[in-house]
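For reference, the structure is listed below as structure tokens.
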Amino acid sequence: MFSTILSGGVFGMQSYPVQVEVDMSKGLPCFTMVGNLGGEVKESAERVRTALKNIGMYLPPMHITVNLSPADMRKEGTGYDLPIAVALLVSMGAIDREAIEKVLFLGELGLNGEVKPVKGVLPIIRKAKEEKIKRCIISLGNVKEAGTIQGMDVIGVASLQQMIAFLQKKETIEAVTISVEEMLAKEKQNNNGDFEEVAGQEGVKRAAVLAAAGFHNLLITGPPGAGKTMIAKRIPGILPPLSVEECLEVSSIYSVAGLLKEGKGLITQRPYLHPHHTVSAQALTGGGKVPRPGIISLSHRGVLFLDELPEFKRQTLDALRQPIEDRKVQIARSSGSFEYPADFMLVAAMNPCPCGYYPDKNKCRCTPFERHRYLSHISGPILDRIDICIQASKIDISQLQSRQRGMSSAKMKSMVMAARERQKYRFRYSKIRFNADMSVSDLKDYCILGTKEEKMLEQMFRSMDLSGRAYHRLLKTARTIADIEECEQINEYHLSEAVCFFGGMKGGVFNEK
């Protein structure tokens, strides 16, 4: 008696179909599983056997072979429990073969027959839709993420008994359909606070607007208590809301990582991650024996905030170089090469010296050597990948006591949205989404300069001894400033402001003699 059930697996961020094949034949009673299986999958035999026994379904004393095809792909996780159980039931004659045709099964089984949620459901269901599968039966805890895939009948079951009753047509279960557009429309604003709560620091707010408008990387320097962390926490609140496609992209990453909350279903706000400076390079970029998305991939389409930047290990920071440039991270293991998206906005904050008070000689007691060693944790290539550098000055008591409110998040967001609309129109015939995405060839098409502007930029390049990458990033920042100012052409003013934001990386604490 042979049966086959459709399921799915995940390799990195890519999902693939899996055929769960079961053969029952006469011979020495045993339960054998093959197909390049991980530890959790090998344990499925006992979970399935016990779950079936506890709902009154006993396996016959036969030679049972379970194969998970394709056999050359490594199978990990607990999602194969349910399809194995269904295949066994079909072979035993408890479920008709017609009931499981073109149906995908995915779920973990408890010993009492409970169907539990598993990781990676969203990308697997998206792949199943591409393969023309019309129905899936999964755990009730996964229906809110799977139900967002339009054109797929998503059936959520709480137990093995309920699933059997549904397949035997003794019980009716309505398919779950969820509109991503409605979820995003109902989403509340980011609750990390409003920019008007930040006293002073209008220059830093301006830099935050530019960074959000062009999706540029931002570095804020300044003494302790100047409001660097407050500003960074509020940046996600001025970014445009997630689109439907971005929502599904981010949610797929969190689904693979097992970080989607059961009650919510999808990630509907732009991610904001704030790792401690003791984080390892592997935790930041991802990896492990079974590779999983790291912090930078979980920050995809959102903000990665690194506070006290020089306190991070230099090796950890240098691991960001390739992901910042390529917008993805590649992890090579003996089992294969894994690729995860990492299109994030880097926001970093730091003190100018170990004590934090340089250049205030009345408070700072750090020696030039201590300052140099402190700043040397940040390599030149990392600084070269930061578009905007701004200094947060010490807050005066008059600013703290003032009743006058500063620029609000709503006002800043409206400026960002207007600039993004101009970029959307400009790049309507290309795959570019915002200014930071432009390649070298794109700069020639979208950042055309006049004669005066070219001479000015040449002087800046020579006097500041810029690298080629820095030159291109300076142009991208100037393009964003022009968008904020509603100018189609980049002029001298835009270049002057761009080099002021950029100059903090080539002067000040980074260029102390």
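Nothing in this text is a laboratory measurement; each read-out follows from the coordinates by a stated rule. Fair warning: this is a prediction, and the values are worked out from it, not measured in the lab. All Cβ positions, glycine included, derive from the backbone under ideal geometry; neighbour counts span all protein chains shown.
Of all aspartates and glutamates in the structure, the ones whose alpha carbon falls short of 13 Å from that of LYS261, not counting any fewer than 8 places away in one chain, are GLU145. Farthest toward the positive end of the dipole of the stretch 186-511, out of SER334, ASN491, GLN459, is the Cα of SER334, where the dipole comes from beta carbon charges about the Cα centre.
What FRET efficiency would be calculated for the residue pair LYS53, LYS289, taking the C-beta separation as r and a Förster radius of 41 Å, to the nearest 0.05?
0.80
Here the stretch 441-462 and the stretch 150-172 have alpha carbon centers that stand 63 Å from each other. Between GLU171 and SER398, what is the label-to-label distance in nm when each label sits 7 Å out along the Cα-to-Cβ direction? Placing both labels 7 Å beyond Cα along the Cβ direction yields 7.2 nm. Quick one: work out the % antiparallel among DSSP beta bridges in the chain, nearest 5. The answer is about 50 percent antiparallel. In whole angstrom, how far apart do the alpha carbon centroids of the stretch 193-258 and the stretch 361-437 sit? One Cα centre to the other: 10 Å.
Dipole of the chain computed with +1 at Lys/Arg Cβ and -1 at Asp/Glu Cβ about the Cα centre; of ALA45, VAL143, MET415, farthest Cα towards the positive end is MET415.
Relative to the longest principal axis of the Cα atoms of the chain, the long axis of helix 44-54 makes an angle of roughly 50 degrees. Per residue of the chain, the DSSP helices (runs of n ≥ 4 H) give a summed -39500 (n - 2.57) that works out to -10500 deg cm²/dmol at 222 nm.
Basic side chains Lys and Arg get +1 at the Cβ, acidic Asp and Glu get -1 at the Cβ, and with that the dipole of the chain about its Cα centre reaches some 640 debye.
Arranged from fewest to most other beta-carbon atoms within 10 Å of their beta carbon, ILE388, ILE484 become ILE484, ILE388. In summary, the lysines within cross-link reach of LYS233, defined as a Cα separation below 21 angstrom excluding same-chain residues under 8 places away, comprise LYS188, LYS205, LYS394, LYS411, LYS413.
Using r as the Cβ-Cβ distance of GLU46 and SER408, and R0 as 60 Å, what FRET efficiency do you calculate, to the nearest 0.05? Working from the Cβ atoms, E equals 0.55. Only the Cβ atoms of Lys and Arg (+1) and of Asp and Glu (-1) were treated as charged; on that basis the dipole of the stretch 18-107 about its Cα centre amounts to roughly 200 debye. Around the amide H of ILE378, modelled in the peptide plane, lies no amide H under 5 Å away from a residue 5 or more places distant or on another chain.
In this simple spin-label approximation, THR229 and SER280 carry label points 7 Å from Cα along the Cα→Cβ vector, and these lie 2.5 nm apart.
Computed about its Cα centre, the charge dipole of the stretch 39-171 is approximately 180 debye, with only Lys, Arg, Asp and Glu carrying charge at their Cβ. Please report the antiparallel percentage of the DSSP beta bridges confined to the stretch 2-178, to the nearest 5. DSSP beta bridges in the stretch 2-178 are roughly 55 percent antiparallel. Diffusion coefficient (Stokes-Einstein, Kirkwood radius over C-alpha pairs, 10 °C, 1.306 mPa s) for the stretch 327-408: 93 µm²/s, rounded to a whole number.
In this structure, the amide hydrogen of TYR272, modeled 1.01 Å from its nitrogen in the peptide plane, lies closer than 5 angstrom to those of VAL303, counting only residues at least 5 positions away or on a different chain. Quick one: angle between helix 202-214 and the longest Cα principal axis of the chain, in degrees between 0 and 90, rounded to 10, please. Tilt of helix 202-214: around 50 degrees.
Computed from Cα atoms, the angle from the helix 409-426 axis to the main principal axis of the chain rounds to 80 degrees.
Database remark: amide H of ARG333 closer than 5 angstrom to the amide H of PHE338 (H placed geometrically; neighbours at sequence offset of 5 or more, or on other chains; Pro and chain starts carry no H).
Which is farthest toward the positive dipole end of the chain among HIS300, VAL118, LEU167, measuring Cα position about the Cα centre, with Cβ charges +1 (Lys, Arg) and -1 (Asp, Glu)? Towards the positive end, the residue furthest out is HIS300.
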